[in-house]
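Note sheet for the following structure.
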Amino acid sequence: MDIISIAFWVLTAVTIGSAAIVVFAKNIMYSAFSLLFTFFGIAGLYVLLNADFIAVTQIMIYVGGILVLIIFGVMLTSKITQIEFKGGLTGKMQLGITGFATLILAFTLITVFLNTNWFMKGNPNEVALSTVNDIGQMLLTQYLIQFEVASVLLLVAIVGASLIARRK
Amino acid sequence: MTITIGLNSYLIVSVLLFCLGLFAVITRRNAIMVLMGLELILNAANINFIAFSKYGGFNIEGHVAVIFVIILAAAEAAVALAIVLNIYQNYKHLEIDEINKLKN
C-alpha cells in the first residue's frame with residue numbers, strides 16, 4: 001500500500017465513522033462535535049484530490065463558521081440534550097423502513113457508479129501546483145455575475161438572519 | 001489487499017455520506033439534527049464535484065461550483081438557525097413533528 005491509499009483509508013474511516021456518530025448519537029452535543037471530525041476528514045479528502053483552496057475553504061467556513069453556528073444553536077435551544085428517534089411502534093416502523101430504503105438507495109447508487117463508464121480525461125497524477133490562480137481567474141471572468149449575486153445573497157442572508165433572530 | 005484509489009472510491013464515500021445525511025433528515029426529530037443531516041448531504045455533493053473535477057482532466061469549474069455550494073450552505077445555515085431560535089422562543093422545543101402553526 002502506498003501512502004496515498006493509507007491516507008485515503010484513514011480519512012474515509014474518520015469521515016464515515018464520525019458521520020455515523022452524527023446520525024446515530026443520542027446526545028445532540030456529541031452529534032455537533034463529531035460533525036467537526038467529519039468536516040476535517042472531508043477537507044483531507046479534498047487535499048488528496050488536489051483541491052488545496054477548497055480544503056482550506058472547507059476548514060475556514062464549515063469548521064470556523066457553520067459548525068460554531070450549529071453549536072451555538074444547540075446550546076441556545078436544548079435544555080434537555082437527550083434527544084430520541086421517534087418513539088412507539090410507528091416510530092420503530094418508520095425507522096426500519098427509512099433505514100431499509102436508505103440502504104437500498106446506497107446499494108443502487110454504488111452499483112450504478114461501478115458499472116458506469118465515466119468520462120475520463122488526462123492523467124490524474126499530473127496536475128497544476130496550485131488551483132488558487134485558476135479559481136481566481138474563473139471567478140472574475142466566466143463566473144463574475146454569479147460571484148456578485150452570491151455576495152449580495154450573503155448580505156441579504158446576514159440582514160435577514162439578524163432580523164429574524166432578534167428578540168421582540 | 002490493494003485497491004487502487006480512483007474515481008469510484010471517492011464516489012462511494014460520497015454515497016455513504018449522502019445516505020447517512022438522508023437518514024438523519026428523515027428520522028431525527030430535532031430541527032438542528034435535520035440541519036446537520038443537510039450539511040452532510042451538501043458535503044457529499046461537494047466531494048462528487050471535486051472528484052469529477054480531478055478525474056475529468058482537472059477541470060477547475062468543479063471547484064468553482066463547490067465554492068458556490070459552500071456560500072449557499074453558509075447562508076442557509078445562518079437563516080435556518082435564526083428560524084430555529086425563533087421556533088424555540090415560541091414553542092420551547094424543536095420537535096419538527098409538532099411545529100404546525102404559522103402564527104400563534
Q) Of these, B:L11, B:L17, B:L35, B:L42, which one is of a type outside the set (D, E, K, R) and over 24 Å from A:L69 (Cα atoms)? A) B:L11
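Helices (runs of 4 or more DSSP H) wholly in region A:1-59 with at least 2 residues that are under 22 Å from B:N30 (Cβ atoms), among the hydroxyl-bearing types (S, T, Y) and more than 7 Å from every other protein chain (Cβ to nearest Cβ) - which ones?
Ranges flagged: A:28-48.
Could you please let me know if B:N86 is surrounded by fewer than 19 Cβ atoms within 10 Å (Cβ to Cβ), more than 21 Å from A:I70 (Cα to Cα) and facing another protein chain (nearest Cβ under 9 Å)? Give the steps one after another, and end with the answer.
Numbers: surrounded by fewer than 19 Cβ atoms within 10 Å (Cβ to Cβ): yes; more than 21 Å from A:I70 (Cα to Cα): no; facing another protein chain (nearest Cβ under 9 Å): yes.
It is false that B:N86 is surrounded by fewer than 19 Cβ atoms within 10 Å (Cβ to Cβ), more than 21 Å from A:I70 (Cα to Cα) and facing another protein chain (nearest Cβ under 9 Å).
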Q. On the given criteria, is B:I50 within 7 Å of chain A (Cβ to nearest Cβ), surrounded by fewer than 21 Cβ atoms within 10 Å (Cβ to Cβ) and farther than 21 Å from A:I21 by Cβ?
A. no
Q. So which residues in region B:16-55 are in contact with a Phe, Trp or Tyr (Cβ under 6 Å, 6 or more places away or on another chain) and free of Cβ contacts under 8 Å to residues at least 12 places away in the same chain, if there are any at all?
A. B:T27
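Condition check ((1) touching a helix residue (DSSP H, G or I) at 6+ places or on another chain (Cβ under 8 Å); (2) modelled with pLDDT of 85 or more; (3) of a type in the set (A, V, I, L, M, F, W, C); (4) buried (at least 20 other Cβ atoms within 10 Å of the Cβ)) across all residues:
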{"site": "B:L11", "(1), (2), (3), (4)": "yes, yes, yes, yes"}
{"site": "B:F18", "(1), (2), (3), (4)": "yes, yes, yes, yes"}
{"site": "B:L22", "(1), (2), (3), (4)": "yes, yes, yes, yes"}
{"site": "B:R29", "(1), (2), (3), (4)": "no, no, no, no"}
{"site": "B:E39", "(1), (2), (3), (4)": "yes, yes, no, yes"}
{"site": "B:H63", "(1), (2), (3), (4)": "yes, yes, no, yes"}
{"site": "B:A75", "(1), (2), (3), (4)": "yes, yes, yes, no"}
Q: Only residues that are in a loop (DSSP other than H, G, I, E, B), at the interface with chain B (Cβ under 7 Å from one of its Cβ atoms) and modelled with pLDDT of 90 or more: list them for region A:118-162, please.
A: A:Y143
(Q) Can you tell me which residue is nearest to B:A74 (Cα to Cα) among those in region A:22-32 that are in contact (Cβ under 8 Å) with a residue 12 or more places away in the chain and surrounded by fewer than 17 Cβ atoms within 10 Å (Cβ to Cβ)? (A) A:M29
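The values are calculated or read from the model by the stated rules, or taken from the named source; none is laboratory data. Not measured: the values here are computed from a predicted model. Backbone-built Cβ (ideal geometry, glycine too); neighbour counts: all protein chains shown.
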